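Below: the structure, in structure tokens.
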Amino acid sequence: MADGMLRVGVIGTGGMGGRHARNLAHRVTGAKVAAVMDADEARAASVARECGGAAVFRSGPALIRDDAVDAVLIASPDPTHADLTVACIEAGKPVLCEKPLGVGIDDAKRVLDAEVAAGRRLVQVGLMRTYDPRHAALRQAIDDGEIGRPLLFRGIHTNLRAGRTRTAADVIVNSAVHDIHSARWLMGDEVATAYASRVGDVPERPEATRLVLLQLAFRGGGLATIEVDAGSGHGYEVVAEVSGEHGALRTPSFTSPLLRRAGAASRAVEPDWLERFDTAYRIEAEAWVRAAKAGTAAGATTWDGYAAMRVADAAVRSIASGRAEAIPEEPRPGLYDPV
Ligand SMILES: NC(=O)c1ccc[n+]([C@@H]2O[C@H](COP(=O)([O-])OP(=O)(O)OC[C@H]3O[C@@H](n4cnc5c(N)ncnc54)[C@H](O)[C@@H]3O)[C@@H](O)[C@H]2O)c1
């Protein structure tokens, strides 16, 4: 670490990685972007310039090994996550890896095993909704006992457009994984069974999925429903609702003002996650940098990423089987005990 600044290397400088890099360079104290790497070298070079002249690498593993990189942020596509995160663990470097922790359960388990073998927490998973002030307020109210024991989580998650043809597995593993994490976090429990169903939107391509609905049962008896609409057409919206013994809580859907005009009243809906979760991404990066500099870890753990992936995996199996799928109990390694 030079000048007390955490020197971060960013792998994948597209929509999400570009935002993380700019946040680290300009909105987060105590860090600088020392290196970037992207399969599209021109894109990496352009982000490097925006971040004050970071070095441009051609290989992710070379960036991870470089002595001028103290910590790594991975925002390349999902299939690259597990290998790159394991390489960071092996290099002993703190890593913020975007969700999900790979493309399936084997990837996530590989990362979990590597971190447990290393014996110290180096990984933060980019399940960042816990840093969203609207979600954090819900959790605080639950902790304050406002609704008593949580009984039911309801998550609604809409994207403006699908952007690409998406399978049910992609919608579940890439998108619903956020809502699964929120459900575990707000219900304070692990999921025992998952039942999933889907709605297609392209008759000639039966795998093309517009919408998935998950129904989860928790070990302690609570329930959750999660709806993800991959192409709502109306905007990007994330709603979390928890019903408890004595009351119910719901995140506010909008921060935009109520507009009354020409005989109608309306509110603007955010177009995408970069706008809706702008504050959460900044706070997440601040927490990561602080923890990395202190030699500790913050945010969603590898266990959280793995547990969410196990639920996603059961949901994908349920689409195929048409039945609820069980998630066998698995002890959480001591490394992830709450401190
Ligand atoms: N936490 C969140 O809310 C959130 C939101 C969006 C995306 N994500 C995650 O971030 C990651 C990136 O998503 P995105 O929306 O930025 O996608 P994107 O397509 O905009 O960017 C991906 C970038 O990775 C580059 N790339 C491709 N293969 C690579 C490789 N092998 N090595 C290095 N770079 C490579 C591409 O050239 C591109 O610039 C995904 O894993 C996604 O799931 C998380």
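Quick note: the coordinates plus some simple rules give every number you see, no bench work behind them. Predicted model only: the values in this text are computed from it and were never measured. Cβ placement follows ideal geometry from the backbone for every residue including glycine, while neighbour counts extend to all protein chains displayed.
Counting other Cβ atoms within 10 Å of each Cβ, which GluC sites (Glu not before Pro) in the stretch 175-267 have at most 10 and sit in a DSSP loop?
Loop-located and lightly packed - Glu204, Glu245.
Check each of the trypsin sites (Lys or Arg not before Pro) in the stretch 181-254 and keep only those in coil by DSSP with at most 13 other C-beta atoms within 10 angstrom; list them in order.
Sites meeting the loop and neighbour criteria: Arg219.
Under 16 Å between alpha carbons, and skipping anything fewer than 8 positions from Lys32 in its own chain: which aspartates and glutamates qualify?
The reachable aspartates and glutamates, counting only those whose Cα sits under 16 Å from Lys32, are Asp3, Glu50, Asp66, Asp67, Asp70, Glu284, Glu286.
What is the gain in length, in nm to one decimal, between Ala141 and Val339 on full extension, counting 0.36 nm per residue of separation less the C-alpha to C-alpha distance? Mind showing how you got there, number by number?
Details: separation 198, 0.36 × 198 = 71.28 nm, distance 2.12 nm.
My answer for the length gained is 69.2 nm.
With just the Cα atoms defining each centre, how far is the stretch 6-28 from the stretch 158-232? Give it in Å.
Cα centroid of the stretch 6-28 versus Cα centroid of the stretch 158-232: 28 Å apart.
Measure out, as a whole number of angstrom, how far apart the alpha-carbon centroids of the stretch 284-339 and the stretch 100-127 sit.
Comparing the Cα centres of the stretch 284-339 and the stretch 100-127, I get a distance of 8 Å.
What fraction, in whole percent, of alpha-carbon pairs in the chain exceed 24 Å separation?
For the chain, the share of Cα pairs beyond 24 Å comes to 56 percent.
Using +1 at the Cβ of each Lys and Arg and -1 at the Cβ of each Asp and Glu in the chain, identify which of Gly299, Ser256, Ala137 lies farthest towards the dipole's positive end.
Selected residue: Ser256.
As an exercise, identify the GluC sites (Glu not before Pro) in the stretch 276-339 lying in DSSP coil whose Cβ has no more than 10 other Cβ atoms within 10 Å. Each step should come with its number before you reach the end.
Working: sites: Glu284, Glu286, Glu325, Glu329; in loops: Glu329.
Passing sites in the stretch 276-339 are Glu329.
Over the chain, what is the relative contact order in whole percent, taking alpha-carbon pairs under 8 Å and six or more residues apart?
Details: 731 pairs, mean separation 65.2, N = 339.
Relative contact order for the chain comes out at 19 percent.
Just to verify a number: FRET efficiency for Arg49 and Asp106, C-beta to C-beta distance, R0 = 41 Å, to 0.05?
Details: r = 38 Å, r/R0 = 0.93.
FRET efficiency, Arg49 to Asp106: 0.60.
Would you kindly derive the ³J(HN,Hα) couplings of the stretch 173-188 from the backbone phi angles with the Karplus curve 6.51 cos²θ - 1.76 cosθ + 1.60 (θ = phi - 60°), listing them in order in whole Hz, with x for Gly and Pro?
Values per residue, Gly and Pro as x: 6, 8, 10, 4, 4, 4, 6, 4, 4, 4, 4, 4, 5, 7, 7, x Hz.
Once you put a point 7 Å from the Cα of Ala264 and another 7 Å from the Cα of Asp278, both along the Cβ direction, what distance in nm separates them?
2.5
Once every DSSP H run of n ≥ 4 in the chain is given -39500 (n - 2.57) and the sum is divided by its residues, what mean residue ellipticity at 222 nm do you get, rounded to the nearest 500 deg cm²/dmol?
-10500 deg cm²/dmol
Long-range amide H contacts for Leu151: which residues qualify at under 5 Å (H placed 1.01 Å from N, peptide plane, sequence gap of 5 or more or a different chain)?
Here Ser243, Gly244, Glu245 satisfy the definition.
List the residues whose amide H sits under 5 Å from the amide H of Leu6, counting only those 5 or more places along or on another chain, with H placed 1.01 Å from N in the peptide plane.
Ala31, Lys32
If the cut-off is a Cα-Cα distance under 17 Å, which lysines reach Lys109, setting aside same-chain residues fewer than 8 apart in sequence?
Lys99
Expressed in nm to one decimal, what extension gain is obtained for the pair Glu227 and Arg250 from 0.36 nm per residue of sequence separation less their Cα-Cα distance? Write out the running numbers ahead of the final one.
Working: separation 23, 0.36 × 23 = 8.28 nm, distance 1.52 nm.
So the extension gain works out to 6.8 nm.
What FRET efficiency comes out for the pair Met5/Ala62, r = Cβ-Cβ distance, R0 = 25 Å, nearest 0.05?
Computed FRET efficiency for Met5 and Ala62: 0.70.
So how strong a dipole does the chain carry about its Cα centre when Lys and Arg Cβ are +1 and Asp and Glu Cβ are -1, to the nearest 20 debye?
With only Lys, Arg, Asp and Glu charged at Cβ, the dipole is about 640 debye.
Once the piece of chain linking Thr167 and Leu152 is laid out straight, how much longer is it, given 0.36 nm per residue of separation minus the C-alpha distance between them?
2.7 nm
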